[in-house]
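Notes follow once the structure below has been shown.
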Amino acid sequence: MDLSSLAVPHTLAHLTPLLPPAPARVLEAGCGRGALAAALAELGHDVTGVDRNAEMAAAARERGVDVLHADLLDVSGEYDVVLFTRSLHHAEDLDALLTHAVTLLAPGGRLVVEEFGWERVDQAAAEFVLDSGALLRAAGVLDTETPATDLLGAWVERHEHLHRGSAMLAALGRFGALTTVDTPMLWRMVDGRGGRWRDADRAPDVLAALRAGEERRLAAGTLPHVGIAASALIST
């Protein structure tokens with residue numbers, strides 16, 4: 001089972017209202033193994049993926065996705081949407097990358113992102129991820145790394161070199177009218193970096209239960225919204 005596909009329905013639910021109707025020409029920057037790109041193509045969009053990682057680009061191509069193995073700054077063409085899926089936070093120069101992305105848009109095009117605001121994670125969020133991972137390890141479902149003693153401090157240290165969610169939204173807002181949606185994201189982080197699912201067949205049900213638990217806590221106000229979906233409609 002390709003576990004990268006498990007979050008696609010959740011991602012589509014938040015992104016679809018931010019996208020133009022199909023068929024739209026969509027360039028997905030940082031397409032990874034192509035799970036989302038393939039799903040967007042199935043919905044009728046004309047999707048091109050771009051990824052700097054040759055292995056990822058090859059995997060997406062095997063899925064049937066039209067893929068460019070390149071840096072976004074080297075891409076040309078015209079699209080209705082440039083979509084960043086958990087890739088914008090890695091940008092070396094956020095404004096330069098978005099400025100180039102705008103040059104790829106047709107009139108009335110839009111920049112769309114799915115991201116996480118790492119700075120939104122608080123002690124309760126860090127403990128949710130830790131406790132969920134501990135339960136899955138104890139149940140023999142997941143192998144994960146040994147957690148740090150200072151959960152929140154370790155999180156900040158691991159992510160502070162990345163762009164904050166607030167910085168990405170501010171940069172997007174400079175290019176056009178901004179629409180944002182806060183989304184659950186912690187459930188996708190429980191397997192950590194390199195966590196291995198011992199029983200991949202059970203992973204969909206386990207992750208669905210984690211997402212439901214996070215959504216209940218979000219509704220109760222005991223967890224922060226860490227996920228971000230946003231769209232900037234570019235004025236011409």
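Values quoted throughout were computed directly from the atomic coordinates according to the rules given, and no laboratory measurement underlies them. Just so it is clear, the model here is predicted, and its values are computed rather than measured. So basically every Cβ, Gly included, is an ideal-geometry build from the backbone, and we count neighbours across all protein chains shown.
Which pairs turn up if I take residues in the range 54-78 that are farther than 18 Å from Ala41 by Cα and look for partners that are loosely packed, with under 12 Cβ neighbours inside 10 Å with beta carbon separation below 7 Å, at least 6 apart in sequence or on another chain?
That search, which allows pairs on different chains as well, returns His69/Ala54.
Filter the range 76-130 for residues that are in contact with a Leu (Cβ under 6 Å, 6 or more places away or on another chain), among the aromatic types (Phe, Trp, Tyr) and under 17 Å from Asp51 (Cα atoms) and give the result.
Listed by number, the list holds a single entry, Tyr79.
Every residue in the range 32-76 that is in a loop (DSSP other than H, G, I, E, B) and under 15 Å from Thr11 (Cβ atoms), please.
Gly32, Arg33, Gly34, Leu43, His45
Here are Ala125, Ala138, Ala171: which of them is among the hydrophobic types (A, V, I, L, M, F, W, C), over 30 Å from Ser235 (Cα atoms) and either crowded, with 17+ Cβ neighbours inside 10 Å or in contact with a Cys (Cβ under 6 Å, 6 or more places away or on another chain) (or both)?
Ala125 is the lone residue from the list that is among the hydrophobic types (A, V, I, L, M, F, W, C), over 30 Å from Ser235 (Cα atoms) and either crowded, with 17+ Cβ neighbours inside 10 Å or in contact with a Cys (Cβ under 6 Å, 6 or more places away or on another chain) (or both).
Report yes if some residue within the range 107-120 is more than 24 Å from Thr11 (Cα to Cα) and either exposed (fewer than 14 other Cβ atoms within 10 Å of the Cβ) or more than 18 Å from the chain's Cα centre (by Cα) (or both); otherwise report no.
yes
Please state which one of Leu97, Leu36 is in contact with a helix residue (DSSP H, G or I) (Cβ under 9 Å, 6 or more places away or on another chain), in contact (Cβ under 8 Å) with a residue 40 or more places away in the chain, of a type outside the set (S, T, N, Q) and surrounded by 15 or more Cβ atoms within 10 Å (Cβ to Cβ). Working first, answer last.
On the way: Leu97 fails: in contact (Cβ under 8 Å) with a residue 40 or more places away in the chain.
Among Leu97, Leu36, only Leu36 is in contact with a helix residue (DSSP H, G or I) (Cβ under 9 Å, 6 or more places away or on another chain), in contact (Cβ under 8 Å) with a residue 40 or more places away in the chain, of a type outside the set (S, T, N, Q) and surrounded by 15 or more Cβ atoms within 10 Å (Cβ to Cβ).
Which is within 19 Å of the chain's Cα centre (by Cα), of a type in the set (D, E, K, R) and more than 18 Å from Leu178 (Cβ to Cβ), of Glu92, Glu78?
One residue alone meets the criteria, Glu92.
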